[in-house]
Amino acid sequence: MPQVAITGLGFVTSIGNEQVTVLDNLRELRHGIDYFPDFAGADSPVKLAGTVKDFSVNSCDPEDWTYPDAYRVRREVLRGLAPHGLFAYCAMQQAIEDAGLSEEEVSNLDTGIFTASAGSAKMLHSHLERMNRHGVNRCSPLGIVNSIVGTLTFNLASAYHIKGASAGFVSACASSGHALGYAWDEITLGRQKRMFVVGGEDGNRESILPFAGMRALSQCKDPEIASRPFDKDRDGFVGTGGSVVMVLEDEELARKRGATIYARMVGWGQASDGYNVAISHPDGDGLANAMRRAAACAKVSLKDINYINAHAPSTPIGDLSEIRALKQTFNGDRPAISSTKALTGHGLSLASIMEAAFTVLGLRHNFMPGSAHIMSLDPEATGLRIIKETEDKGPALAMSNSSGFGGANVSLIFQHI
Amino acid sequence: MADSTVKNLTPEEEELIKDSLKRCSPESIEAALSYRRTGNTDLIPVVILGIIERFLEPDIRPRLKNGADELRIFEDLGVDSLTLVEVIMLVEETLDISIDNNELRDLRTVGDVKIFIDCKLKGLPLPEKALHIPIEEIYQDLPHGPPFLFLQDATLRQSEARGTYRIAGDEFFLEGHFKGNPVFPASIMLEALGQLAVLYLVKTKSESLPKQVDKDKVFFSSCDGIRCTRFCKPGDKLTLSIKPKRIRHPLASFEGHIMAGTEKVAFAEEISLIFDFCGEAESVAQEGPGSAG
């Protein structure tokens, strides 16, 4: 069975738009959370978000957008993009350069793309408003492809001339974990030699604030502590957007072409809570099963896992569920645990791949990022080794967890090379 | 039609038009406002060109500067069908007209778009639809065949015929024209224009062509004022066009142009053919010698 190597990464995130910045902020625990102009209105009790810097994508007309000079997006591509489509287009360019892939290596039958995003509520809303106001024939011709779920797949597959598999995954906050898992399957099953996996979210008023309806968002006004997973006083998540791209490759092929290998993805597992549409299982049963299955798939023992990048979004219920899942799974073993959502905020469909990429950076550069902003640890977490500071010792085996609505749970395992 | 659009624009309407056209040239914005105020249809081409230009990639825009009417929207300007919808939608918005999807199908050149919108606004009947003739049909309709057929597809209207020929490189005469340096002969370019003119005569029904022209009774008669301005080599795609100047049985004369992409290749002031209708006496062959086409 082919081994799966990670050979390229691309980042547009609240803690940096290129790998060196992300690496630095991750290690030093510098967060990317700030007051968000989109939330400034008196109608919103939520004020903070993990903000993407150096991009201005607030208009519903992509030709109004501004973005860093390093990228040049032709109008015919730009017009089909949602805000997170632009983030992903740029992250994809980084990942291709980082992996050292030629145009031919990107565009061939053996190279595919899996994406995860929730679509763009903002763009969709604007199109429907235009349709209702000006008539059906005045809908923007690109209104569908730049807004509906799948927008990332359509746009990136065409813009980068992808010829292999292309599909999108939708399981809310576990989406990009599923995309990674099934991409791993594609390569280990021998169907594809190389997969781009992409997660993206707009991270704007329309994609984040509706979560206030279920009281899932933090109303804290202090960016320094608003996102504080595992803290006993956590009061909800801080939303964020951006895009992360990861290149997965058949390891033999990667070695043959002399690629730099960040880490190996050795397996994944998933299981569902079968419990509630929006509330995670009180004992974290689904996530516990996902972690066990991931270990079985990777043929590793759970006690050999050294680090876990937790899903822990900083919501009272979500973190507690994961604490209990970790306790029942790692019964006595003490892997280091942190939630990097303290730094970035919660990226929803983007979250899983963003955190998998952070985990991969830790494997490559030998560190485990701390779980920031914990002032007093949730007493329920006593017994777990939640690390508050970054540890300069790389894991040999690391796990990254994600949970989504409906009780979808994904656990991914990566190995140091 | 034009009269119904003449009115004083409210400041809001004016702002809306300006906003819709915000990425168009200042001249085209001014022309659109002026048209909406006065109904002066002379301003339409400026608006249309401004709107088309706005949707082009910056590196393509200079192509619109001269001879824009001949440019093919898809092939020469890199515009796809979705962008054409964007163009039409912005035209609808700013000129206050509505256009049916089915009406868009036959718009192939910038000139087609301009004429089409001009007719809509003036309430004139739309120009006749172009007749597209694929290679299989050309093969049936012309007396010519490989290796001496120099048309790969054609579009016919009363006013003109257009065709294309891509120089493959394996044409038999390129081996000697020239040795080790294949250049498409000017005489063959003239032949290609002639073949397009034969196709026009065989496929067109009009006042001057009331009966079916017999494809086996069309012959070359004369040509005049031929100017060639560019070498053509394997890989070049020639765009041929002929316009009828005078057709009176048994003589027909045409003006001809050849382009390669946006570059001019050849011009023929006059190409004359002699023809006869089906079932007529064998007068033509005696009158006008010369090779077919």
Residue of A:PHE367, A:PHE114, A:PHE237 that the Gaussian network model of chain A assigns the largest fluctuation, springs spanning Cα pairs under 10 Å: A:PHE367
Given a cut-off of 25 Å, name the pairs among A:LYS299/A:LYS327; B:LYS65/B:LYS245; B:LYS179/B:LYS243; A:LYS327/A:LYS388; B:LYS65/B:LYS203; A:LYS47/B:LYS18 whose C-alpha atoms lie farther apart than that in the structure shown. B:LYS65/B:LYS245; B:LYS179/B:LYS243; B:LYS65/B:LYS203; A:LYS47/B:LYS18
FRET efficiency for A:ILE261 and A:MET214, Cβ-Cβ distance as r, R0 = 30 Å, nearest 0.05? 0.15
Considering every pair of different Cα atoms, what Kirkwood radius, in Å, is found for the stretch B:232-272? 11.2 Å
If exposed means GluC sites (Glu not before Pro) lying in a DSSP loop and surrounded by at most 10 other beta carbons within 10 Å, then the longest stretch of chain B lacking such sites spans residues B:1-206
The value for chain B (convex hull of the alpha-carbon atoms, volume per residue, Å³) is 144 Å³
Order of B:LEU142, B:LEU124, A:LEU29 from fewest to most other C-beta atoms within 10 Å? B:LEU124, A:LEU29, B:LEU142
Among A:ARG228, A:ARG74, A:ARG324, which one shows the biggest mean-square fluctuation in a GNM of chain A, springs joining Cα atoms closer than 10 Å? A:ARG74
Ordered by fewest other Cβ atoms within 10 Å, a rough proxy for footprinting exposure, A:TRP184, A:TRP268 read A:TRP184, A:TRP268
When only DSSP loop residues count, what trypsin sites (Lys or Arg not before Pro) in the stretch B:14-100 have their Cβ near at most 12 other Cβ atoms within 10 Å? B:LYS22, B:LYS65
Under Stokes-Einstein, the stretch B:155-259 at 4 °C and 1.567 mPa s, with its Kirkwood radius over C-alpha pairs, diffuses with a coefficient in µm²/s of 87 µm²/s
Projected area of the stretch A:14-97, taken from the Cα convex hull and averaged over every viewing direction, in nm²? 6.6 nm²
Whole-Å distance, taken between Cα centres, linking the stretch A:341-389 and the stretch B:212-254: 76 Å
Lysines with Cα under 16 Å of B:LYS237, excluding same-chain neighbours fewer than 8 positions away: B:LYS264
Once the piece of chain linking B:SER34 and B:CYS228 is laid out straight, how much longer is it, given 0.36 nm per residue of separation minus the C-alpha distance between them? 65.6 nm
Can you compute the modelled spin-label distance between A:LEU189 and A:ALA278, with each label point 7 Å from Cα toward Cβ, in nm? 3.4 nm
For residues of A:282-293, the mean tally of beta carbons on other chains within 10 Å: 0
10 Å Cβ neighbours from other chains, averaged over peptide A:334-344: 0
For the stretch B:136-293, the charge dipole (Cβ of Lys, Arg +1; Cβ of Asp, Glu -1; about the Cα centre) points to a positive end, and the Cα of B:ILE226, B:CYS278, B:ILE188 closest to that extreme belongs to B:ILE226
Percent breakdown of C-alpha pair distances by 20 Å bin, ordered from the shortest bin, for the protein assembly as shown: 16, 36, 27, 17, 4, 0
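Normalised by the number of residues in the stretch B:2-122, what is the relative contact order in percent for Cα pairs under 8 Å and 6+ residues apart?
Normalised by residue count, the contact order of the stretch B:2-122 is 28 percent.
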For the stretch B:265-277, Karplus-derived ³J(HN,Hα) couplings (6.51, -1.76, 1.60; θ = phi - 60°; whole Hz; x for glycine and proline) come out as 10, 8, 9, 10, 4, 8, 10, 10, 10, 10, 9, 9, 7
Euclidean distance between Cα centres, the stretch A:118-168 to the stretch A:61-111, Å: 16 Å
So for A:SER140, A:SER44, fewest C-beta neighbours within 10 Å to most, what's the order? A:SER44, A:SER140
Expressed in nanometres to one decimal, the distance between label points 7 Å along Cα→Cβ at B:ARG166 and A:ASN137 is 3.5 nm
List the lysines whose Cα lies under 25 Å from the Cα of A:LYS163, skipping any in the same chain that are fewer than 8 positions away. A:LYS193, A:LYS256
Take every Cα-Cα distance within chain A, group them into 20 Å bins from 0 onward, and report for each bin the whole-number percent of pairs it holds. 30, 60, 10, 0
For an R0 of 51 angstrom, estimate the FRET efficiency from the Cβ-Cβ distance between B:LEU104 and A:LYS303 and round to the nearest 0.05. 0.15
Under a GNM of chain B (C-alpha, springs under 10 Å), which listed residue has the highest mean-square fluctuation: B:MET89, B:MET189, B:MET259? B:MET89
What percent does the relative contact order of chain A come to when contacts are Cα pairs within less than 8 Å and at least six residues apart? 22 percent
With only helices counted (DSSP H, runs n ≥ 4, each -39500 (n - 2.57)), the per-residue ellipticity at 222 nm for chain B, to the nearest 500, works out to -10000 deg cm²/dmol
Which value, in Å to one decimal place, does the Kirkwood hydrodynamic radius take for the stretch A:158-304 when every pair of different Cα atoms is included? 18.2 Å
Over the Cα atoms of the stretch A:219-314 the radius of gyration and the largest Cα-Cα distance (Dmax), both in Å, equal 17.9, 51
For the stretch A:68-144, I need the span (max minus min coordinate) of the C-alpha atoms along each principal axis, in Å, sorted largest to smallest. 48, 30, 21
Over every pair of different alpha-carbon atoms in the stretch B:31-72, take the mean of 1/r and invert it; report that Kirkwood radius in Å. 11.2 Å
Quarter of Cα convex hull surface for the stretch B:27-134, i.e. mean projection, nm²: 7.0 nm²
Quantify how strongly other chains surround peptide A:362-375 by giving the mean number of their Cβ atoms within 10 Å of each of its Cβ atoms. 0
Points 7 angstrom from Cα along the Cβ direction at B:PHE173 and A:LEU128: gap in nanometres? 6.4 nm
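Quick note: the coordinates plus some simple rules give every number you see, no bench work behind them. Nothing here was measured: the structure is a model prediction, and the numbers come from that model. Note: ideal-geometry Cβ built from the backbone for every residue, glycine included; neighbour counts use all protein chains shown.
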